[in-house]
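Undergrad: One structure coming up, written as structure tokens, with questions to follow.
All of the numbers you see were taken from the coordinates with simple rules; none came from a lab. A quick note: this is a predicted structure, and the numbers were derived from the prediction, not measured. Cβ sites come from the backbone with ideal geometry, for glycine too, and all protein chains shown count toward neighbours.
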Number of protein chains: 2
Amino acid sequence: MKATLIHGGSDIRVEEVPDPVLSEPTDAVVRVLLSCICGSDLWGYRRPGPRDGGPARIGHEFLGVVEEVGAEVTTVRPGDVVIAPFTWSDGTCPHCLAGVHTSCVHGGIWGNGTDGGQGEAVRVPWADGTLVPAPVTPDDERLPALLTLSDVMGTGHHAALAAGVRPGSHVAVIGDGAVGLCGVLAAHRLGAERIVLLGRHDDRIAIGRRFGATDVVPERGDDAVTRVKELTDGLGIPHVMECVGMQSSWDTAVAIARPGGTVGYVGVPNGLESGLPIRAMFSDNIAVRGGVAPVRAYLPELLADVLDGTIDPSPVFDLELSLDDAPEGYAAMDERRAIKAMLRL
Amino acid sequence: MKATLIHGGSDIRVEEVPDPVLSEPTDAVVRVLLSCICGSDLWGYRRPGPRDGGPARIGHEFLGVVEEVGAEVTTVRPGDVVIAPFTWSDGTCPHCLAGVHTSCVHGGIWGNGTDGGQGEAVRVPWADGTLVPAPVTPDDERLPALLTLSDVMGTGHHAALAAGVRPGSHVAVIGDGAVGLCGVLAAHRLGAERIVLLGRHDDRIAIGRRFGATDVVPERGDDAVTRVKELTDGLGIPHVMECVGMQSSWDTAVAIARPGGTVGYVGVPNGLESGLPIRAMFSDNIAVRGGVAPVRAYLPELLADVLDGTIDPSPVFDLELSLDDAPEGYAAMDERRAIKAMLRL
């Protein structure tokens, strides 16, 4: 079969790899229908030179059709359309039972020595704990929306929950990437009354407004802080969603937060040379909550809302390619020609 | 009148200063009955050489008797015994109304250019918003317990609330100083079922056990993490209270937290060369909540519990001195001969 491998900086190749086979009775093999490229996939892509450790499978967002299941698998059957969260999890350990599936004692993330999602098929460990069947056919037009539940929509939802968004909340979302946009949609879905989107790309802002943003702040740094303070009678925003993960975005997130407020964060920490602005956090009691999103925990609830049309996060995919064109998807996202590239197999 | 001034490293003096007078109609003048020395007072004391900016009044914890009030003051009268939180606040701004009195738009902290608490009298700005009258006489034996509500008990309570402590919670408290010990008492008061105290001083541990600690971990660093993990079936502690503020205590706090757990923190950030361990926080969804404690918000509720005997935090004072002996109080705390020194005027 074919799969995407990262060989190094700017070096993505679609190559022949062995077909996956069941190796544990708790495994399933899933034939991929849709996959996509994550902003975090670009980190390795942007690191110059050959990849440390040699080429590796890549991609952690996919949905597909179950092809085969191990003897102990009971919740999915061959032929089911299933959504895979970006981490697998056994579903039974204390962390899974507490809803923190990303800390599962048997958990892991696709790629890097295991099968990646950007390929024709994937061996899925702990299939019962990991996969969520969707009552749709492989040609359902809602598949792209369902694919977002593999990562970005669940991650945006995690940021909103972590920030404590409730009906009537005033919210700021930092970042107009796919996660930030899904964060806007998640905050809107949770009933936020005011959603200030900090972003500056017209195409993305347009989606953000469609998803529920009520205000847009294109400024950056101190100017962005001034603008948000102006919008809030100088008080700041009680619920801030940090969807980038860089030093500048963190500094802005804490600076615009209202005293006693919360920064919900999902941007993978990247750089952060100066660390979190702990003194400002301390002085004004700004809480920080979030991390890698346990999207498995949110899948059933978000799935229901996609199926009944309450939410449609699919506009974050603005580029559709075949698996063979995966390298072009990376290039397009790297050059910001695309928000998020989807691969249709 | 006499007051304590910090002249520089290891240089505390009790000197004559002008008597305070009302300068705004919202002021009160309070004659101090009890004051005390805070661990944070030691920072300036430990910084070698003369103080930048010259000598300054010091001390931010006190209670006393109202001597005089401005024309607009309505909630306290001359003769009232009152408790002063370690910051003043107007009580009416949006941050005060939200319970974050430490971010009051008119707020400030005693000392450093204003009157300090370690003196015979203090001009109190925004007396209505700041002072809390206690229905006791100046010779009441509960005054030392009430004095803790000026800072350490309210701060321990803030750490517990920030960490999300509820009835039945499993909690760890890092630090066996006065704040950590009050944190133990606060967690116990909130109904925590298990309270693991990380500390290593026998006298302090004894108070911690009296306040409700169920387990004591004297180890430090990696050994402390190992020990706490052993105590919790490898899972970690859901509610961690960080009551120190140093790099090592922060690293321990995050390392012993259970995935999805919360570190409630009140230790003033001090050092933190490497910053918060953001990658560990991200990977296991460890939240961080807290900061400078808005003790004014908690005073009425904690006052009631001191008055009816539900809590008695006064054992944190293990050294009682006169105002003239304030320098000895600093030396005793600096040399760890005392947990917390109280000055009786």
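Undergrad: Give me the Kirkwood hydrodynamic radius of the stretch A:146-196 in Å, from all C-alpha pairs, to one decimal place?
TA: When all Cα pairs of the stretch A:146-196 are included, the Kirkwood radius is 10.4 Å.
Undergrad: Just round it to a whole percent: the fraction of Cα-Cα distances in the protein assembly as shown exceeding 36 Å.
TA: Distances greater than 36 Å cover 46 percent of the Cα pairs.
Undergrad: Oh, and also: What is the average number of partner chain Cβ atoms found within 10 Å of a Cβ in A:226-239?
TA: Mean partner shielding for this stretch: 1.
Undergrad: Another one. What FRET efficiency comes out for the pair B:Ser248/B:Arg77, r = Cβ-Cβ distance, R0 = 41 Å, nearest 0.05?
TA: According to the calculation, E is roughly 0.30.
Undergrad: Related question: Compute the normalised compactness of the stretch B:42-194: alpha-carbon radius of gyration over 2.2 N^0.38 Å, N being the residue count.
TA: Relative to the rule-of-thumb radius for its length, the stretch B:42-194 sits at 1.15.
Undergrad: So which GluC sites (Glu not before Pro) in the stretch B:31-114 pass both tests, a DSSP loop state and at most 16 other Cβ atoms within 10 Å of the Cβ?
TA: B:Glu72
Undergrad: Any idea what the relative contact order of the stretch A:187-345 is, in percent, if you count C-alpha pairs under 8 Å spaced at least 6 apart?
TA: Relative CO of the stretch A:187-345 lands at 14 percent.
Undergrad: GluC sites (Glu not before Pro), restricted to the stretch A:182-278: which are DSSP loop and have at most 16 other Cβ atoms within 10 Å?
TA: A:Glu193, A:Glu219, A:Glu273
Undergrad: In nm, what is the difference between 0.36 nm times the number of residues separating A:Arg220 and A:Val65 and their Cα-Cα distance?
TA: 51.5 nm
Undergrad: Determine the principal axes of the Cα atoms in the stretch A:154-290, then give the extent along each, sorted from largest to smallest and rounded to whole angstroms.
TA: Sorted largest first, the three principal extents are 36, 29, 27 Å.
Undergrad: Then there is this: Considering chain A as a Gaussian network with a 10 Å cut-off on Cα pairs, which listed residue, A:Leu197, A:Leu231, A:Leu302, attains the greatest mean-square fluctuation?
TA: A:Leu231
Undergrad: Calculate the mean, over all residues of peptide A:285-298, of how many other protein chain Cβ atoms lie within 10 angstrom of the residue's Cβ.
TA: Per residue, the number of nearby Cβ atoms from other chains is 5 on average.
Undergrad: Using a Cα-Cα cut-off of under 28 Å, which lysines could be cross-linked to A:Lys340, ignoring same-chain neighbours fewer than 8 residues away?
TA: Within the straight-line limit of under 28 Å, A:Lys340 reaches these lysines: A:Lys2.
Undergrad: Also: Can you give me the relative contact order of the stretch B:274-341 as a percent, contacts being Cα pairs under 8 Å and 6 or more apart?
TA: The value is 22 percent.
Undergrad: Starting from a label point 7 Å past Cα on the Cβ side, list the distances from A:Arg77 to the same position in the other copies, nm, shortest first.
TA: Once sorted, the set of distances for A:Arg77 reads 8.1 nm.
Undergrad: State the residue of chain A whose Cβ is nearest the axis carrying A onto B, and the distance in whole angstrom.
TA: Checking which Cβ lies nearest the axis yields A:Gly275, 1.
Undergrad: Measure out, as a whole number of angstrom, how far apart the alpha-carbon centroids of the stretch B:60-130 and the stretch A:59-101 sit.
TA: After rounding, the separation between the Cα centres reads 58 Å.
Undergrad: Also, quick follow-up: Just for the Cα atoms in the stretch B:1-119, what are the lengths along the principal axes, largest first, rounded to whole Å?
TA: Principal-axis extents of the stretch B:1-119 (Cα, largest first): 43, 32, 22 Å.
Undergrad: Could I ask something else about it? Suppose we flag trypsin sites (Lys or Arg not before Pro) only when DSSP calls them loop and at most 15 other Cβ atoms lie within 10 Å. Which is the longest uninterrupted stretch of chain A?
TA: My reading of the result: A:1-141 is the longest stretch.
Undergrad: At a threshold of 8 angstrom on Cα-Cα distance, excluding pairs fewer than six apart, so keeping six or more, what relative contact order does chain B reach in percent?
TA: 18 percent.
Undergrad: Something else about it: In whole angstrom, note down how far apart the Cα centers of the stretch A:178-208 and the stretch B:1-31 are.
TA: Distance between centres, Cα-based: 52 Å.
Undergrad: List, shortest first and in nm to one decimal, how far the label point of B:Thr137 (7 Å from Cα along Cα→Cβ) is from its counterparts in the other copies.
TA: Nearest to farthest, the other copies are at 9.0 nm.
Undergrad: Right, next: Once R0 is set to 56 Å, what does the formula 1/(1 + (r/R0)^6) return for the Cβ-Cβ distance between A:Asp312 and B:Asp233, expressed as a FRET efficiency to the nearest 0.05?
TA: Once the sixth-power term is evaluated, E becomes 0.85.
Undergrad: Suppose you put the label 7 Å out from Cα in the Cβ direction; list, shortest first and in nm with one decimal, how far B:Lys229 is from each other copy's label.
TA: B:Lys229 label point versus its equivalents elsewhere: 4.4 nm.
Undergrad: Quick one: Cα centre-to-centre distance for the stretch B:213-279 and the stretch B:285-345, in angstrom?
TA: Distance between centres, Cα-based: 23 Å.
Undergrad: Using a 10 Å cut-off around each Cβ of peptide A:96-103, what is the average number of partner chain Cβ atoms that fall inside?
TA: Mean partner-chain Cβ count within 10 Å for A:96-103: 4.
Undergrad: If you average 1/r over every pair of different alpha-carbon atoms in chain B and take one over that average, what Kirkwood value in Å do you get?
TA: Evaluated on chain B, it is 20.3 Å.
Undergrad: Which number do you get for Rg(Cα) / (2.2 N^0.38 Å) in the stretch A:72-162?
TA: 1.10
Undergrad: So what's the back-of-envelope 222 nm ellipticity for chain B, counting only DSSP H runs of four-plus at -39500 (n - 2.57) apiece and dividing by all residues, rounded to 500?
TA: Mean residue ellipticity, 222 nm, calculated: -8000 deg cm²/dmol.
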